[in-house]
Amino acid sequence: MNKEERHTLAYGVAGLLILAFFVWTFNLLFSIQDHWSESNDVTAMDKDVHALFDPWRNLNRPGNDVLENYEVAAQNKALGRYLQEYRQARGRLDMHGRSQVDLSDYYRGMDAAAEEMESLAKRVLELAEERESLRLAGADAVSISAAETEAATTMARMDQAFQSGLDMIAGMDQILDQRLLDLDAARRAGVGSLYLIVIVALFSSALSLVLLRRTSVQGAALRSGSERLNAIVDNVVDGIVTVDESGTIESLNRTAEDMFGYSSDSLSGQKFHSLIQPESRALYDAADFQPGSQAAGRNSELTGMRRDGTLFSMELEGTRISVEGSPIIIHIVRDITERKRSEKRLQLAATVFENTSEGIMITDRDGRIQSTNPAFTAITGFAADEVLGQNPRILQSGMQTRDFYDAMWKSIDITGHWHGEIVNRRKNGEAYTQWLNINAVRDGSGQVTHYVGVTFDISDLKASERMKDEFIATVSHELRTPLTSIHGSLSLLDSGVPAKSPEKSMELIRIAKNNSQRLVRLIDDILSIAKIESEKMKFHLRPVDLGELVMDAVEANQEYAKQFGVQIQAETGSIGARVLGDKDRLVQVLTNLLSNAVKHSPEDGVIGVGIVRNEGYWRVKITDTGPGIPDSFRGEIFKKFAQADATDRRKRGGTGLGLSISKAIIDRLGGRIGFESDPGISTCFYFDLPVMQQHWSTEAGAQRIMTSVEIAARPE
Amino acid sequence: MSDEALQRILYVEDDADIRKIVAMSLEMVGEYSVAACGSCADALEVVDDFDPDLLLLDVMMPEVDGPATLRALRRRASAADAPAVFITAKVQAVDMEEYQRLGVFDVIVKPFDPMALSDRIGQIWQQYRSDGHDDAG
């Protein structure tokens, strides 16, 4: 059913309802009027019924009067008058014809009673005259008495008739009174309905007025419709181009003219194709512009072409309609250059959001998570759909106090911003430290709509900071310990207290001396480590013969080994083990390894030093027969200040830095350092350096290998 | 054995040189009897025979540190009630709180003056006595 049909139906129903309403109203009015006039009639009737009483009573008089008054002739005359009065009153009743009350039975009863009364009254008067005649004639008492007796009997019958007439009158009176009451009630009901009608009528009138007013406005609008339509079509933001079935342009609105740079006249007779980039024309031709069609013809994106040949992105909609029998196609054209541009911007923003290494979390103003990026998932372990709608407190580690969060929200509320370090918890329960930036996002009216949290995991940074702090704490402890000894022993000597005991004095002097040496070694080692780590240590790369290097180092450490009752045996020979290295640094490494071996060897122990070829590397091995490396310490051995038994450190004079320095040097030379330990039997520390190639002997080659060495060393 | 005077100090320190200096200082300046031990194990070996009046402990020691050494010593009747003094460079607020929880009576900060050390120990002892610990030793 279309709109028009619906309107027709609505008007039809409304008309029928109004007709029914009028019929009802008129019916009601007529019935009220009927009730009204009948009520008047019945009231008059009731009055007339009342008026019967007196004449009726008079009819009964002759019988009584005659016994006291013997003037029969006068009585006869009076009776005639009474009868006439009665008949007049009775006759008035017959004039009330409109009432619906049926009193005909009463009328007949009344008339019968009246007839009987008349005849009886006449008989009584006759008897009275008869008795008078008898009395005047001197008749005997018996005759007179007989006449009197008959008169009395007749009068008794009169009484009966009289009574029956009275009953009739009273009955009529009662019926009429009841009718009056009924009519009154009916009239009241009618008046009530009238009030309802008045209200309905008033309401309907008001409604009609409103509708009428609207209709008249619409009417006015319709009158100026066609001019208005033209103005509207010209001023819509979309371009409108109508095309006939052959694709020839019929008209353009002003927006379309501006969009394409033509005027309607200059385009007349041209094809719509001229508004489209040639490459896009096939797409246009494939479109289907049937009304209601969901095919490509609706909302296709094409490249439009302006008069000057410049191109722009446009969205095209087409609808085929029929105007006065001939089909036309209405094209709605939209310049979507700006939309495309913002789509691209949004696309870029989305790409950044998806690919940045910073975790991003967006919540609504109530703190419910709306969106997270892959980096957030990578950091927290929570997939986006796991946290959607949740409160970010699922990430809380419990390591921040309530006050911390209060201060954070206070800052966000006041400045719209907060940043700082915060410890959160990943999905797997692991706590991590992150740097967090929270910004409130506000709409045009300044209302907060979202909060954006940008975060990156700084656990590693914190761990390395912690390591640095620990290193500093350890260094300061390591430096303080010998200083305490030096200061303590010198103070005691200075006080003169131990003067009486030369051995004690000597002991204190030895302590001071040893600790001074230890301090020097420590400072040297710490500086070496710092230099290597900051890559400030210079390496002078030259070809080095490892055999010669080992012999020199062994010789240099032989004296030291003797102090511990240990012997060093080198089994190298001249095997031409050439590597590219810094001789001084390699001596430093060898000395470290040798002194470690010496310190951990039993008395009379023998340390073996050898060089072997290990594929592309020369391996230098230092083997001792010391207690070996405990399993628990193997992973720690190259770390700074690591010593399996720290009490040894002082006994044996190590700093705990030798191996980590050695490892750093060998790493820088592109080699590797390691150990094999058989606890209780022997321990072998070794380092491997790449076998030197012939062409490395030049400085240029050395430089090149240094570069490759650095690259090789970097993954460490 | 006097009820009042401090005589025997059980001293645990892993650094041999510092151990010698402190022991010398306490013996020669303060004229105390000192049992100087290099580790918790050494201390547990001598504590019952030595019957110390006071425990003087280094904090940063390898394997068993000062607090653990104190707990181990407290399980021995001979050292259960002796006042404990830590001699350490670790004196940050958190460290001090921990020492307090352990029931450490006082802390001597490293580096210390060996000539003043005995006096300091003597003062700590007096303080301990005046706090009402009459049954010490």
Leaving out ligands and nucleic acids, and using a 1.4 Å probe, what accessible area per residue does region B:47-130 come to in Å²? 46
What angle, in degrees between 0 and 90 and rounded to the nearest 10, separates the Cα long axis of helix A:337-355 from the longest principal axis of the Cα atoms of chain A? 50
Heavy-atom surface of chain A, accessible at 1.4 Å and reported per residue (Å²): 57
Expected 222 nm ellipticity per residue - DSSP helices of 4 or more, -39500 (n - 2.57), all of chain A, to 500: -20000 deg cm²/dmol
With the dipole of region A:257-380 worked out from charges on the C-beta (+1 for Lys and Arg, -1 for Asp and Glu) around the Cα centre, which of A:Met361, A:Ile330, A:Ser263 lies farthest toward the positive end? A:Met361
Quick calc of log₁₀ I(q)/I(0), region A:293-445, Debye, one scatterer on every Cα, no solvent, q values 0.17, 0.18, 0.20 1/Å, result -1.03, -1.12, -1.30
Portion, in percent, of the accessible area of the protein assembly as shown that falls on carbon or sulfur, probe 1.4 Å: 54
Each label sits 7 Å from Cα toward the beta-carbon; between A:Ser516 and A:Phe633 the label points are separated, in nm, by 3.1
Mind checking which of A:Thr372, A:Gly420, A:His477 is farthest towards the positive end of the protein assembly as shown's charge dipole, using Cβ charges of +1 (Lys, Arg) and -1 (Asp, Glu) about the Cα centre? A:His477
Convert each backbone phi in region A:253-258 into a coupling constant with the Karplus relation 6.51 cos²θ - 1.76 cosθ + 1.60 (shift: θ = phi - 60°), then list the ³J(HN,Hα) values in order as whole Hz, x for Gly and Pro. 8, 5, 4, 5, 4, 5
Can you find, among B:Ala41, A:Ile509, A:Pro679, the residue farthest towards the positive end of the dipole of the protein assembly as shown? Put +1 on the C-beta of Lys and Arg, -1 on that of Asp and Glu. A:Ile509
Using 1/(1 + (r/R0)^6) with R0 = 51 angstrom and r between the beta carbons of A:Ala20 and A:Leu166, what's the FRET efficiency to the nearest 0.05? 0.50
Helix A:141-235 versus the longest principal axis of chain A: what angle, 0 to 90°, nearest 10, using Cα atoms? 40
Ordering A:Trp618, A:Trp36 by accessible area with a probe of 1.4 Å, largest first, what comes out? A:Trp36, A:Trp618
Log10 I(q)/I(0) at q = 0.06, 0.08, 0.11 Å⁻¹ for chain A, from Debye over equal alpha-carbon scatterers, is -0.80, -0.98, -1.21
Ignoring ligands, DNA and RNA and using a 1.4 Å probe, state the total buried accessible area between B and A in Å², rounded to the nearest 100. 1900
Under a 1.4 Å probe, counting only protein heavy atoms, A:Leu229 has an accessible area in Å², nearest 10, of 100
Given charges of +1 on the Cβ of Lys and Arg and -1 on the Cβ of Asp and Glu, with all other atoms neutral, how large is the dipole of the protein assembly as shown about its Cα centre, in debye to the nearest 20? 3100
Could you please report the charge total around A:Asp177, scoring K, R as +1 and D, E as -1 over all other residues with beta-carbon less than 13 angstrom from its beta-carbon? -2
Roughly how much of B:Thr88 is accessible, in Å² to the nearest 10, using a 1.4 Å probe? 0
For A:His477, the accessible surface traced by a 1.4 Å probe with all protein chains present amounts, in square angstrom to the nearest 10, to 40
Looking only at lysines whose Cα falls under 25 Å of A:Lys504's and that sit 8 or more positions away or on another chain, we get A:Lys513, A:Lys651, B:Lys20, B:Lys110
Across peptide A:321-334, how many C-beta atoms of other chains are within 10 Å of each residue C-beta, on average? 0
Would you work out if region A:486-611 is rounded, prolate or oblate? Take a ≥ b ≥ c from the square roots of the eigenvalues of the alpha-carbon gyration tensor; rounded if a/c is under 1.5, else prolate when a/b is larger than b/c, oblate otherwise. oblate
Accessible area, 1.4 Å probe, largest first: how do A:Arg87, A:Arg619 sort? A:Arg87, A:Arg619
How far is helix A:3-59 tilted, in degrees, relative to the longest principal axis of the Cα atoms in chain A, given as a value from 0 to 90 rounded to the nearest 10? 30
Inter-chain Cβ neighbour average for residues B:54-60, partner chain, 10 Å: 1
Quick check: pseudo-label points 7 Å beyond the Cα along Cα→Cβ at A:Ser104 and A:Thr449, how many nm apart are they? 9.2
Shape of region A:546-641, Cα gyration tensor, a/c cut at 1.5: oblate
When a/c reaches 1.5 or more, the comparison of a/b and b/c decides; with that in mind, is region B:13-125 rounded, prolate or oblate per its Cα gyration tensor? rounded
Per residue of B:85-92, other chain Cβ atoms within 10 Å number on average 1
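The values are calculated or read from the model by the stated rules, or taken from the named source; none is laboratory data. Quick caveat, the model's predicted, so the values are computed rather than measured. Please note: Cβ atoms are built from the backbone with ideal geometry, for glycine as well, and neighbour counts cover all protein chains shown. Side chains included, ligands, DNA and RNA excluded: accessible areas come from the protein's heavy atoms. Shrake-Rupley method; radii C 1.70, N 1.55, O 1.52, S 1.80 Å.
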